[in-house]
Each structure stands twice: as C-alpha cells, then as structure tokens.
Amino acid sequence: MDLYMYKILAISLALISILLLIVLKNQESEYDLVIIVISARDHFFQRNVIRETWKTSAANVSVKTLFAVGKECLIHPSDRIDEFSCRMWNISLEDVDDEMHHSWSYPSSNIPFNSSPGMEFIFNVIHPIEVHELTIQSSCLRELKRGNITITLYDRKTDDSLTSVDLDLNNISSSFHTNITKIRIPQNSILLPKDFEGVITVEGGKCSSELLERVECSPFLDCVDSRSDPVVGMNFKILDENRLRGFIQDRSYRQDAWSLVQKKRSSELQQESSLYKDMLFIDAVDTYRNLPEKLLQSLQWLYMNINVNYIMKTDDDCYVNVPLVVRKLQQMRSANLTQRVWLGNFRKMWAVYDHGKWAEHNYNALTYPWFACGSGYIISSDIGAYLTSAHPHLHRFQGEDVSMGIWLSPLTIRYIDDESFSCVLPEDGVTNSLVSIPELTGDGMKQVHTELTSDL
C-alpha cells in the first residue's frame, strides 16, 4: 500500500478519531505517562534489570511501565523459514529425492494468475543449493518473438552480478517446445549458501499475463514477492542431502522438546506476571515481523483500560531516564503541546531496503517518511486513539518504528526532533542529558543506572 492510500485512510478515519479525542479530553487522566517496553518472551533477565534500575525512578511519579510480550511460536527455531518470523519450513523426504530442482513449479490445481507477471524473481535460500541453469517461461519468449534478452542472477545484499546469459530470440524462437526454456550458465555451477538473498531479472522485453502460467515456489526457497508470478527462475541441485534427510527425520523429536520448553516458559511468565503485575500479554506471536502488531495491540489495550496523557515506546535493551522524561513532558505541557505531538530522534530520508532483517517489499518508495528510532519516543494520547481506531486497516510493515512513520505520515502532527533519544549506544559515555540509551546488556544497564543516579 502506498502513501496515497494511507492519506485516503486517514481522512476516512478522521471523524472517528475526533470522537475518541473528545472522550479523552473529558476524562481525568489516570497517568501522565505510560511506558510500553517491547519485550521478548524469554527476556526474563532484561525485564528484571529494568525493574531494579530505571523503573524504580517512576515509583513516585504519575508514570506506569508495562512490558508487552507476545505468544509463543510453536515451531522449533530450526524448522522456521527464517529467524524473523514463525513460518514452518514445509520440507519432506520426497522433496529431496529429485536430482534437479526448479525454483518454482506448476501447481496441479487451477489457481488464477496474479494481476501482473513478475519480470524478476526475488528469493531467499533456505538450504544450500548449486545452480546450473537459468530459466524463463517459454510462453514469454513466444510472445516476445524477436530481439535480445538478458537473464541475470544478482546478490541482493551486494548488487553483484553472479552470472548472466543472453538469448537471441531471432535464432531460437522456433524451438520452444516445453513450458520452461533452460539456459546453461557460463560457470557451469554456482553455490548459493543458506540465507543467500538473490534476484533473477530479465532485460530486453516484458510479457503480458494472459500467456503465462501460475507457479508455486520451490520448498528450498523462500519466494519473497507474492504479488506477481515470476517469468524467470533457475534449475539447481541441493547440497548435503544426507544431512537434510536426517534433519527431516528428526523433526518430531525437536518439536516435542520445543513444546516442553514453551510449556515451562509460559508457566514462568505467568508467575512473573502474578508477582510484578506489569505484564501486557499480546495476542500475536512473538517474532520480529510481528512487532508492528504488538505495538498496535498495546496501544489498543491502553486506550481500553487506562486514561493517559502521553505514551512512550521503548525496548527492553534500553535505559530510560524517567526524571528527564517527566521534565520534558512538563515543558511540552507548558508550551501547550498536548495533542498530535510526536517526540523522538527521527530518521529522515531513510532508505527502503530489499534485503536482510529490514527488507521491505510492500512499501513502494525509495525512502521512508520520518520515523523515530526505536530506543524511545513519545506520542500524545490522541495519536494512540487514532491508531486504535485505524488498527484493522493498517498494513504491518517490516518493523514497528518504520510502520509508525508510515501510519502517521498522512496526518498533520507536530514532530519534535530530539537527539537526547539516543539511536545508538554512545561511544563517549552516557550523561544525564540523554532520555534513552539503547543496545545495553543487563550489566551495562546496571552500570548506566549507577552512573546516572550516583549524584542524586
């Protein structure tokens, strides 16, 4: 979804958010500030360090701190497609038997073709492979008929071309007797390791969707762009077959052991919640890709349960200087900055990546709108009310901080850019002038707390 669609969405939800604001203004606030700490299920130590350090600074002020924790992923980490999501790698012994594999296959069922053909094939490697041929749907070549095309395999991380083949359609256009045309690569073979992120492109022509066939992704690859069906692909052999067969056969044992781990962890979380009463359990699986959903559900819970003036988001590896936050809020209130306010250290003109942890394939722009870095930012409660009303309609992008920037970009809000919200761990030490300090270990957080409170 692009920025234009979000502008339309913002206008359509404006009346709802105004009504929510009226309700909020007519109620007495229970807290001046609620701090939402995004935390992973197994981060018991990090949460306890926060309780022993900066959370104690909020004990005598109108500040409440909550740890937002999601549901367990029932899939063993080794059986997931990647480390950022909770998607099962559906691989079977039958998938291993073929000598040569293709990056996609034709399904047995009659599935409608997507709205547009993909003149590039974006993929991640789940298991090491050896590429021997690049391919293209023959129906595309029959449509193009004449000219020259080039098919290239790129490394998405480095933009390096690993191999490339040229086709002169004037000489070979009459020989397309199969669904897929195969072209041997010059190097004979190329090894692609696990987690390799690649793209195969075709230059020199474009095909229409009417003549192409619907395809399904190989179980050895994670096909990234599901909005279109690829015209190009590759033939490859899988490596370490014996090890892979053993891995598949041991799956049930791994799953049984993982279930016991999750059962124990859930029990420990319930005990932690009963003891400290500062846990917010979110109905979303605890993975990186679900962070936007965790944030939205946290805001939704706040709106339904607590009346608050300001909301702060931070992570469980960050130290928050609560007394300084309170002073900044007092200054904002004195300046009548109580509505449609976003305070943080903002990333500007931040590039949209197509690879790695921050890969984004659903936002059609070269750069993101302004968004605050994740160590900490503060929004006025009316923004939380707006996001609560818009919750069902908002696309979840690759990270919660980037998503927040996109969600709020159509609105007229006051951005207060404040470098005291540190985006990285300061190399020259910490001072009382910093609101939030990220990337801390538990011991590092204790040390920061000692340094910042030694003079009090």
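The values are calculated or read from the model by the stated rules, or taken from the named source; none is laboratory data. In this text, all values refer to a predicted model and were calculated from it rather than measured experimentally. We place every Cβ from the backbone using ideal geometry, glycine too, and count neighbours over all the protein chains shown.
Numbers below:
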item	result
Some residue of segment 385-405 being part of a helix (DSSP H, G or I), without any contact (Cβ under 8 Å) to a residue 60 or more places away in the chain and either within 30 Å of Q447 (Cα to Cα) or hydrophobic (A, V, I, L, M, F, W, C) (or both)	yes
Segment 419-441 residues that are in the same structural domain as F346 (by TED's automatic domain parsing) and farther than 10 Å from G374 by Cα, paired with ones that are exposed (fewer than 14 other Cβ atoms within 10 Å of the Cβ) and among the hydrophobic types (A, V, I, L, M, F, W, C) (beta carbon under 8 Å, 6 or more apart)	E439/V424
Residue pairs meeting the criteria (Cβ under 8 Å; at least 6 apart or on separate chains; first under 19 Å from C86 (Cβ atoms), in segment 237-265; second of a type in the set (K, R))	R265/R41
Search result, residues across segment 279-295 that are closer than 12 Å to V69 by Cβ, in a helix (DSSP H, G or I) and among the charged types (D, E, K, R)	K294
Candidates Y310, Y276, filtered to the one that is over 20 Å from the mean Cα position of the chain (by Cα), in the same structural domain as I38 (by TED's automatic domain parsing), surrounded by fewer than 18 Cβ atoms within 10 Å (Cβ to Cβ) and touching a residue at least 24 places away in the same chain (Cβ under 8 Å)	Y276
Test: V430 is among the β-branched types (V, I, T) and modelled with pLDDT under 95	yes
When residues of segment 313-328 are limited to those that are within 17 Å of D401 (Cα to Cα) and not β-branched (V, I, T), the one surrounded by the fewest Cβ atoms within 10 Å (Cβ to Cβ)	D316
Unmet requirement for Q331, which otherwise passes all of (1) surrounded by fewer than 16 Cβ atoms within 10 Å (Cβ to Cβ); (2) in contact with a helix residue (DSSP H, G or I) (Cβ under 9 Å, 6 or more places away or on another chain)	(2)
Some residue of segment 158-167 being among the hydroxyl-bearing types (S, T, Y) and more than 32 Å from the chain's Cα centre (by Cα)	no
Residue satisfying all of: in segment 131-159; touching a helix residue (DSSP H, G or I) at 6+ places or on another chain (Cβ under 8 Å) and not hydrophobic (A, V, I, L, M, F, W, C); modelled with the highest pLDDT among these	N148
Single unsatisfied condition, S266 versus (1) out of contact with any Asp or Glu (no Cβ under 8 Å at 6 or more places or on another chain); (2) surrounded by fewer than 16 Cβ atoms within 10 Å (Cβ to Cβ); (3) hydroxyl-bearing (S, T, Y)	(1)
Pick from segment 104-130, criterion in a loop (DSSP other than H, G, I, E, B) and at pLDDT 90 or above, ranking: surrounded by the most Cβ atoms within 10 Å (Cβ to Cβ)	H127
Hits in segment 166-195 - residues which are touching an Asp or Glu at 6+ places or on another chain (Cβ under 9 Å) and part of a strand (DSSP E or B)	K182, I183, R184, I190, L191, L192
Of all residues in segment 433-456 being closer than 20 Å to L329 by Cβ and touching a Ser or Thr at 6+ places or on another chain (Cβ under 7 Å), the one that is modelled with the lowest pLDDT	S433
Conditions (1) surrounded by 20 or more Cβ atoms within 10 Å (Cβ to Cβ); (2) out of contact with any Gly (no Cβ under 8 Å at 6 or more places or on another chain): number failed by A351	(1)
Test result for I248, surrounded by 12 or more Cβ atoms within 10 Å (Cβ to Cβ), touching a helix residue (DSSP H, G or I) at 6+ places or on another chain (Cβ under 7 Å) and farther than 19 Å from D316 by Cβ	yes
